[in-house]
Amino acid sequence: MNNDLFTRELLELIGGSVSDKLAAQNVVTKDQALAALSSLSPVLLGGLKRKQAEVGESGLEALMVDAGASDDDFDVDGALQNDLSGSRGDLGKILDSNSQDQTVMALSQKLGVGKSVAKQLLPILAPIILSMLMKKGQQDTGTSTRSGGISSILDRDGDGSIIDDIAGMVLGGGQQRGGGGFFQMILSFFMRK
């Protein structure tokens, strides 16, 4: 899995708040929440990178907003509360249903939780990760537009290979790309169907 700068910044900036909140809600433990954030971030970056070829730089923001992202006074507690109460966006425009199913399966295995818990985490955490990406895209990429900033982050950190990133959830962050072995072959088979 890509050990990218954005994911490290994500964990540093909001990892503690997200993990505390999810643990307080008895969704997962703090360690599981941090592992979920770390695992989902590259998958979402890869999904956006692939979609960028279809929608262009300017279309990325719309996809992220449709998936529940917002940078208006971004607040982790508020974002989590909305997501826990069922106010979730449409992640399907970034990850198709097959990719989401494989992500849930890998996340379940990575965290040691049931698939129902992993399935609950995906729409809770995805808008938070995407919101932070929007915020970072606006803040510190040195481009003239937020869309350009988001694209810069994707170019730096996401190669668009969702299969590698999903396989990396189970295989661990130290694995090289393309080294998914048997598990990656299984994912490749199902994602081509």
Quick check: is even one residue across region 95-107 modelled with pLDDT under 85 and either surrounded by fewer than 20 Cβ atoms within 10 Å (Cβ to Cβ) or within 15 Å of the chain's Cα centre (by Cα) (or both)? no
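Restricting the search to region 6-16, which residues are touching a residue at least 24 places away in the same chain (Cβ under 8 Å), surrounded by 16 or more Cβ atoms within 10 Å (Cβ to Cβ) and not charged (D, E, K, R)?
Pass one, region 6-16, residues touching a residue at least 24 places away in the same chain (Cβ under 8 Å): 6-7, 9-11, 13-14.
Checking the rest, the ones that are also surrounded by 16 or more Cβ atoms within 10 Å (Cβ to Cβ) come to 6-7, 9-11, 14.
Across region 6-16, the qualifying residues are F6, T7, L10, L11, I14.
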Scan region 4-37 for residues that are of a type in the set (S, T, N, Q) and more than 18 Å from S116 (Cα to Cα) and report the count. 3
Residues located in region 1-55, provided they are within 13 Å of I153 (Cα to Cα), basic (K, R) and in contact with a helix residue (DSSP H, G or I) (Cβ under 8 Å, 6 or more places away or on another chain): K49
Counting only residues in region 20-59 that are buried (at least 22 other Cβ atoms within 10 Å of the Cβ) and hydroxyl-bearing (S, T, Y), the one nearest to the chain's Cα centre (by Cα) is identified as S41
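With region 1-72 as the region, which helices (runs of 4 or more DSSP H) entirely inside it contain at least 1 residues that are under 23 Å from N98 (Cβ atoms) and modelled with pLDDT of 85 or more?
Working: elements: 5-10, 16-24, 30-66.
Where helices (runs of 4 or more DSSP H) fall fully within region 1-72 and carry at least 1 residues being under 23 Å from N98 (Cβ atoms) and modelled with pLDDT of 85 or more, they are 30-66.
The values are calculated or read from the model by the stated rules, or taken from the named source; none is laboratory data. Computed from a prediction, not measured in an experiment: that's the story for all the values here. Please note: Cβ atoms are built from the backbone with ideal geometry, for glycine as well, and neighbour counts cover all protein chains shown.
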